[in-house]
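A short write-up of the structure that comes next.
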Amino acid sequence: MYERMRSAEAIISEMEARFSDMFEGSDNRDRRARSMNGSPLGITTAPLYRMFDTGLSPKARKSVPARRTQRGRLLALQHRVSSFSRLKWSASIVKDSTEWVTLDDTAFTNTIPGSNRDVTINTVPICSNMTNKEFRRQAMRARDIGVELIKKRIAGLARWDTREQDRVTTFFASADVHAKKVLCEGLPRLLAAMQELEPEKIVRWDSEINRYLSCAITPDSGVNHAAVCKPDSEKRVIAIYSKFCGSPFAQLWGICKVKTIIHECTHFTDTFDSQDHMYLDSEAGAMIFARNKPHQAISNADSIAGYIATFDGVNIAP
Ligand SMILES: [Zn+2]
């Protein structure tokens, strides 16, 4: 189970708003802390002093407001969380317009008065070249474009005119009964999988969520764009690598984010259960591969993704 949390900044702001009388600057903090000693809450100030462990003299420390440093605010947050052990954050306060991070599911179970528990918050963005909010927006737009492209191929297979047969022949060497059957059965399942994709299931390859997948995600070597665990149809988590972040959004003649997401979804065992026999970026490359390996093309992830989404000269804005 995962707590879907906002960024450290947003969490702290929320905590400050709720407990504003305890998150004042250092001067007020000292006064309030003294007044609170011996109160039914039994709050001590010791953990709060750690936020001023900046190497400054005791006098200088007192002039540094707690909320000026994120480190200080995080420590204060930890203290407040442990002091108010019954406080729980739920998904209901999460707004989609904010950043999301993952916390372990025991982060708020400490019931020992006065004790502290370290909370690890991974604030590393999924892509270093954009905020997580922008990443989610692009990922969902890529999903929506992929969904429309899949619908077009389902309609094409229903028509089964010369044009569609030519397209199937290009990517799978033959528009035979077997190829048509595999596509007719697989595309609706792929469509459903794409429609199930949610932004929080498209994560960094080293995200905490990956610990719960059925396979070990390969570390980011700068070569791969993304990865999934084929049997994880329920979770439908896509692990994103750094190369994905720098790839074009929807330049459909080559590799791009839209095709990467389609590619990954073809791997799930309940869609196409596809393999990576050969990575293929272009229509020409897919055609040559299909002619040379006709039996592999119909189960090759990039051949299927190419059939759906490779179009020369088409570039869709993110
Ligand atoms: Zn693959």
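Taking the fewest neighbouring Cβ atoms within 10 Å as the starting point, the ordered list for Met287, Met130, Met194 is Met130, Met287, Met194. Cross-link pairs exceeding 31 Å in C-alpha to C-alpha distance, out of Lys133/Lys293; Lys201/Lys293; Lys235/Lys257, comprise Lys133/Lys293; Lys201/Lys293. Is region 211-318 rounded, prolate or oblate when judged by the Cα gyration tensor, a ≥ b ≥ c being the square roots of its eigenvalues, rounded requiring a/c under 1.5 and prolate requiring a/b larger than b/c? Since a/c reaches 1.5 but b/c is at least a/b, the shape of region 211-318 is classed as oblate. Distance between the pseudo-spin-label points of Glu196 and Tyr279 (7 Å out from Cα toward the beta carbon): 2.7 nm. Over region 164-296, calculate the relative contact order: mean separation of alpha carbon pairs under 8 Å at least 6 apart, over the residue count, as a percent. Relative contact order of region 164-296: 27 percent.
Scalar couplings 3J(HN,Hα) for region 181-190, obtained by applying the Karplus form with A = 6.51, B = -1.76, C = 1.60 to θ = phi - 60°, are 5, 4, 6, 5, 7, x, 4, x, 5, 5 Hz; x denotes Gly and Pro. A cut-off of 5 Å between modelled amide H atoms, ignoring neighbours fewer than 5 places along the same chain, links Leu280 with Asp302.
In order along region 278-283, the Karplus-derived 3J(HN,Hα) couplings, from 6.51 cos²θ - 1.76 cosθ + 1.60 at θ = phi - 60°, round to 7, 7, 9, 9, 10, 5 Hz, and Gly and Pro are given as x.
Every number in this text was worked out from the coordinates using simple rules, so none of it is lab data. None of these values were measured; they are calculated from a predicted model. Glycine also receives a Cβ, built like all others from the backbone with ideal geometry; neighbour counts cover every protein chain displayed.
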